[in-house]
Each structure stands twice: as C-alpha cells, then as structure tokens.
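Trainee: The structure is given below, and queries will be raised subsequently.
The values are calculated or read from the model by the stated rules, or taken from the named source; none is laboratory data. Because the structure is predicted, anything quoted here is derived from the model rather than measured. Because the Cβ atoms are built from the backbone with ideal geometry, glycine has one as well, and the counts that use them run over all protein chains shown. Please note that ligands, DNA and RNA were not included when accessible areas were found on the heavy atoms of the full protein model with its side chains. Shrake-Rupley method; radii C 1.70, N 1.55, O 1.52, S 1.80 Å.
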Amino acid sequence: MSQTRTPASHDCDSHASGLLTVDEARQQLLGAMTAIQGIERMPIRQALNRILAQEVKSGMEVPPFANSAMDGYALRGEDIPETGEKILRMIGASFAGKPFAGQLGENECVRIMTGAVMPDGSDTVVMQENVVANDQDIEITCHVRPGENRRDAGDDIRIGDTLLNTGKQLTPADIGLLASTGISEISVYRRLRVAFFSTGDELKPVGGPLAPGEIYDSNRYTLFGMLQRMGVECLDMGVIPDQYDAVYQALQQASDVADVILTSGGVSVGEADFVTEALEQLGKVQFWRVAMKPGKPLAVGTIGTARFFGLPGNPVSAMATFYQFVQPAFYILMGSLPPEPLLLDILSASKLKKSPGRLEYQRGILERNNDGEYQVRATGNQGSHMLTSMSQANCFIILPAECAGVEAGDRVQVQPFAGVT
Ligand code: AMP
Ligand code: MG
C-alpha cells in the first residue's frame, strides 16, 4: 500500500523557496548546543527527573544473598527422587530478615518465605502448594527440579556493574535501582533556568476583561506546562508589549538571569522591526524559515551566555515548534541527549488534506478500531490558532513535505505525544 501520494512535479521543493527542511533545521540547532555547567549533589528522591552527572557503578551484589523466590520449603535437590515422592523432616524456618541459623542435612527441609535466606546446605525450594505438611515433616507430591525457585546472589547486579550512565534522566525505576544498591545521594546537573515571555499588544493575562481586539495570552500557559514537565526552572516574565524599549529591556533582564530565553510571537515576516532590532543589538540571532506547518518562523541565537529561542505566536505553531526543536535542544543543554522520537506506521482512518511543500504536523487521535488495530484520525480543523486541536490530540500525524494528501486507509507516520504535551 502506498504510504502517501506524491505529485509528479517538484515545483514546491523547499530549497527552491529558501526554506530549511525540518531535518536541516534540527541538525543545525542541535549541533550548536552544549550542556550547561554546574553540578549538584542531592538525595536520590530529590533527583527524580534530573539528569545524572556521573556514571554509577554498583558497590554490591543484588540480591546480596541467595534467597527464596517462593513461600515453601528449602531442601537439597539431590534428596528428591525422579518420581517426586518423598517425606522430609522439617528442622526450622527461614523468614525474610530472620534467617535459619542451622545447617540442613540429608532428608531435611526448612520452612522458607519469599526473600528469606537459603539455609546452609539447601539449594532448592519447593512451593508450599506442592507439599502436604504437618509440624514435623512434609510430604512432597510432585516432581522437583533441583535448584528451582532459588534466586542467586548477584543474579540482578554484580559488583562493578554499570547501573546508570551520565546524561540519564532519572526515572522512578532508576532511583529505586540506586536505593537497591545502597546509594543515597547522587550528582546531577543543576536545573536549566528558562526565562519566558509573550510578545504582543493584543495579549492580556487571564483574570481581567478583554478590550476590543484583545485576546488572552495562552502561550505562556502551554509553554509553562511543557517546561514544567521537562523539569526546568521557569521564570515567567509576563506579556511584553510591541515596543522596542520594552522588548530590549525584557531580553536584557532575561539574559542576566537565565540560561535560556524563550519567547513567543513577533518573529513572523512583517512583524514590527523592533524585535529584530532589539535582538541584533543585544546578541546574535538568526530568523529561520523552516518548511513545516504549523510553525514556519523560528528565531535562534544567543544573548550574552544565554541561548535564545523565539517561537511563532500562533498557539499550535508555538507548541509544535517547541516540541520538535526546543525540547530536544533543551535536553542537550540539560546534560542529556534528545530522546529518540517514537514514530509509528499507522492506518489513517481519515482523509487528510495537504498541499506539497512543507512537512506537516497534523494533530491526531491514535486509538484502536473495532478490529483491535491501531488507527489514527485527524482532530478536525487544523488551523494553527486552534488549541482545541492540540487539546484533543494524543499524537502528531507527520506528513512529509512532498505528500499531497492522504486517503482513508493509507498508512501514515504518527508520533505519540510523550512527556511535554
Ligand atoms: P505573531 O507571531 O506575533 O505574529 O502572532 C501570530 C498570531 O498568534 C496572532 O494571531 C497573535 O495574536 C497570536 N498570538 C501571539 N502570541 C500569542 C499568545 N501568547 N497567546 C495566544 N495567541 C498569541
Ligand atoms: Mg505579535
């Protein structure tokens, strides 16, 4: 089945119109990023979601001793005949945290619980369900495989094993893993400080009425949410009006305190020149036109030691551009690597309109159909000002630049939202 329909002519090729492809833009951007300096040591719980700034090797074996995987009876495998029928004398019990102190001899067994130390002399555990027991002895009624239901010392982790590498973002499993080897503190990168503001005379913060021609500032909320999810430190600088002095001052102030300045709005072609002027006065900034929809304009640069990212103002464009470019760049700044995007080949249940020329991130709903197969459908109207399309979606449907539309039943590439949306 054809993936997407391609037009015969290539008159919409992105190079012809001076646009960067998404891949080119991403490569250039990520190639220019390096990790921030600054490491701090902290208790492992506090380090959840932080980026590890050291390699971690284990100083101990896990489990630290051979133990039982079941509630049952510890015995010597060699004592049990092939038939599995045998009576053994019970000489004691081994509980988790309270080992059996003695030595197990021929035709003897010890009551044992999950996680309890294997008594000296035993090598096998028979499940309690396969035994008829009284206070003195047990009768085994089924085949026993020597060595079964025993967990050996170090079968998960051996001394010197590398547990975690530098740059790993610590997950709940990771902090549990650290705890299991007795590590209570760890070195992580300090948090990335991100100052962000919206630009536009039409924007009002929520909480007050709107005058004619005004809209509520939503980008500072979507961006705040995505930044919070990434675990960066957020410095919200509010709405900055479309005035040279105000923008200049905000950028300067942000560059004094933050590692990253993130703005939305004011980077489109035909925007008031003050944004460009202020940026050029304060640092080095390039305006990129990327062949993607939504979100063509993107500004990147530096102001002093701070990195600058200027997102387009349209709410969906700002989110899509953040997700595809800024988020991976932030991972490098934070001392990690961008997570490999999960890209799936999925049946499209919708007909999708598209003109050749720009790569599109349409908003989709990935779900199972009645046959139990995954399919994706578009979230309806795809205007770049329509935040409902992002709110309803759980994935992007990625349509390559040359694609000229998709028929229902074609397969498309889908990128499930993860982490920041
Ligand atoms: P701009 O990129 O400044 O030309 O803005 C493009 C469109 O996005 C315009 O319709 C703006 O009103 C809208 N817009 C810009 N910033 C925001 C914002 N922070 N929240 C909601 N809409 C915005
Ligand atoms: Mg504007």
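Trainee: Sticking to Cα atoms, compute the Rg of the stretch 128-187 to one decimal and its Dmax as the biggest Cα-Cα distance, whole number, in Å.
Mentor: Every Cα atom of the stretch 128-187 included, Rg and Dmax give 19.8, 56 Å.
Trainee: Identify the trypsin sites (Lys or Arg not before Pro) of the stretch 281-381 meeting these criteria: DSSP loop state and at most 16 other C-beta atoms within 10 Å of the C-beta.
Mentor: Numbers: sites: K284, R289, R307, K351, K353, K354, R358, R363, R368, R377; in loops: K351, K353, K354, R358.
When the trypsin sites (Lys or Arg not before Pro) of the stretch 281-381 are filtered for loop state and at most 16 Cβ neighbours within 10 Å, K351, K353 remain.
Trainee: Another one. In bins 5 Å wide, starting from 0, what share of all Cα pairs of the stretch 332-408 does each bin hold, as a percent?
Mentor: In order of increasing distance, the bins hold 3, 14, 21, 22, 18, 11, 6, 3, 1 percent.
Trainee: Per-residue accessible area for T166 at 1.4 Å probe radius, Å² rounded to 10?
Mentor: Here the residue's solvent-accessible area equals roughly 80 Å².
Trainee: Taking 8 Å as the Cα distance limit and 6 or more residues as the minimum spacing, I'd like the relative contact order of the stretch 368-421 as a percentage.
Mentor: Across the stretch 368-421, relative contact order equals 30 percent.
Trainee: In addition: Counting only DSSP beta bridges with both residues in the stretch 67-151, what percent are antiparallel, rounded to the nearest 5?
Mentor: 80 percent
Trainee: Taking the radius of gyration and the Kirkwood hydrodynamic radius from Cα positions alone, what is the Rg/Rh ratio for the chain, to two decimal places?
Mentor: 1.17
Trainee: Using label points projected 7 Å from each Cα along Cα→Cβ, tell me how many nm separate Q243 and A211, to one decimal.
Mentor: The two pseudo-label positions are separated by 1.2 nm.
Trainee: Among bridges DSSP assigns within the stretch 344-416, what percent are antiparallel (round to 5)?
Mentor: The answer is about 90 percent antiparallel.
Trainee: With every protein chain left in place, what is the accessible area per residue of the stretch 228-352 in square angstrom, probe 1.4 Å?
Mentor: Numbers: 5080 Å² over 125 residues.
With the other protein chains kept in place, the stretch 228-352 gives 41 Å² per residue.
Trainee: Which part of the stretch 392-421 falls in the paramagnetic zone of N49, meaning amide N under 20 Å from the point 7 Å along Cα-to-beta-carbon?
Mentor: The answer is 417-421.
Trainee: Also: Given an 8 Å cut-off on Cα distances and at least 6 residues of separation, report the relative contact order of the chain as a percent.
Mentor: Relative contact order of the chain: 18 percent.
Trainee: Can you run the Rg to Rh ratio on the stretch 67-151? Use alpha carbon positions and the Kirkwood inverse-distance Rh.
Mentor: Result for the stretch 67-151 is an Rg/Rh of 0.91.
Trainee: Work through the residues other than M42 whose Cβ is under 12 Å from its Cβ and net out their charges, Lys, Arg +1 and Asp, Glu -1.
Mentor: +3
Trainee: By DSSP, what percent of the beta bridges with both residues in the chain are antiparallel, rounded to the nearest 5?
Mentor: 70 percent
Trainee: Next question, about the same structure. Compute the FRET efficiency between A32 and D201 as 1/(1 + (r/R0)^6), taking r as their Cβ-Cβ distance and R0 = 35 Å, and round to the nearest 0.05.
Mentor: 0.65
Trainee: I've got another one for you. What's the carbon and sulfur percent of the chain's accessible surface, probe 1.4 angstrom, rounded to a whole number?
Mentor: On the way: 9970 of 20360 Å².
For the chain, the apolar C and S fraction of the accessible surface comes to 49 percent.
Trainee: What's log10 of I(q)/I(0) for the stretch 28-172 at q = 0.20 Å⁻¹, Debye sum over Cα points only, no solvent?
Mentor: For the stretch 28-172, the Cα-only Debye profile gives -1.09.
Trainee: In addition: Given the protein chains as shown and a 1.4 Å probe, how many square angstrom of C142 are accessible, to the nearest 10?
Mentor: C142 has an accessible surface of roughly 40 Å² with all protein chains in place.
Trainee: Quick one: Kirkwood hydrodynamic radius for the stretch 158-211, alpha-carbon pairs, angstrom, one decimal?
Mentor: On the way: mean 1/r = 0.0631 Å⁻¹.
About 15.8 Å, per the Kirkwood formula over Cα pairs.
Trainee: With charges set only on the Cβ (+1 for Lys and Arg, -1 for Asp and Glu), what does the dipole of the stretch 114-257 come to about its Cα centre, in debye to the nearest 20?
Mentor: Dipole magnitude for the stretch 114-257 comes out near 460 debye.
Trainee: Which value results for Rg/Rh of the stretch 211-365 when Rg is the Cα radius of gyration and Rh the Kirkwood radius based on the inverse mean 1/r?
Mentor: On the Cα set of the stretch 211-365, Rg over Rh gives 0.98.
Trainee: State the answer as a single residue: which of G383, P400, I215 lies farthest towards the positive end of the charge dipole of the chain, with beta carbon charges of +1 for Lys and Arg and -1 for Asp and Glu, about the Cα centre.
Mentor: The listed residue farthest towards the positive side: I215.
Trainee: What's the lysine pair count for the chain at a Cα cut-off below 21 Å, pairs eight or more apart or interchain?
Mentor: 7
Trainee: Using a Förster distance of 25 Å, how high is the FRET efficiency between S268 and Q228, based on the Cβ-Cβ distance and rounded to 0.05?
Mentor: With a Förster radius of 25 Å, E is 0.40.
Trainee: If you average the C-alpha positions of the stretch 91-144 and of the stretch 224-288 separately, how far apart do those two centres end up, in angstrom?
Mentor: So the separation of the two Cα centres works out to 69 Å.
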